[in-house]
Amino acid sequence: MTEMQPDEHYSDFHWVEYLHGRIPQPEKTKMEEHLTVCEDCRTRLNICRAMHTLLGDKKASELGPAFLDAIAAFAAARAAPPATPAEGDSAGNS
């Protein structure tokens, strides 16, 4: 991956690969440096780490449909663009 811009983030896939030790050292160092300045990526890594701890080596077939539906909903929410304040919202312009 090239030099990260301030508004760029590593994907959850990258963080899972990082957790599994499948990132080459030069890229791993860049990712760790990025974590020092990017709260979003620290959050992504912590979520991936928690999911990894929770799931362990389980296969999808062992998890059950309710759990898989919850994971799908979580992933969809992560993929959705952030909500913007409605026009005239008190949090936005007056």
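The values are calculated or read from the model by the stated rules, or taken from the named source; none is laboratory data. Please read all numbers here as calculations on a predicted model, not as lab measurements. Neighbour counts are summed over all protein chains in view; Cβ atoms, including those assigned to glycine, are modelled from backbone coordinates with ideal geometry.
Values computed for the structure shown
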quantity: Number of the condition not met by GLY21 [criteria: (1) within 16 Å of the chain's Cα centre (by Cα); (2) exposed (fewer than 10 other Cβ atoms within 10 Å of the Cβ); (3) modelled with pLDDT of 75 or more]; calculated: (1)
quantity: Residue in region 33-42 that is surrounded by 10 or more Cβ atoms within 10 Å (Cβ to Cβ), assigned to a loop (DSSP other than H, G, I, E, B) and at pLDDT 90 or above present; calculated: yes
quantity: Residue within region 51-72 that is surrounded by 12 or more Cβ atoms within 10 Å (Cβ to Cβ), in a loop (DSSP other than H, G, I, E, B), in contact with a helix residue (DSSP H, G or I) (Cβ under 9 Å, 6 or more places away or on another chain) and at pLDDT 90 or above present; calculated: no
quantity: Residue count, region 11-29 (criterion: of a type outside the set (A, V, I, L, M), part of a helix (DSSP H, G or I) and under 15 Å from LEU55 (Cβ atoms)); calculated: 2
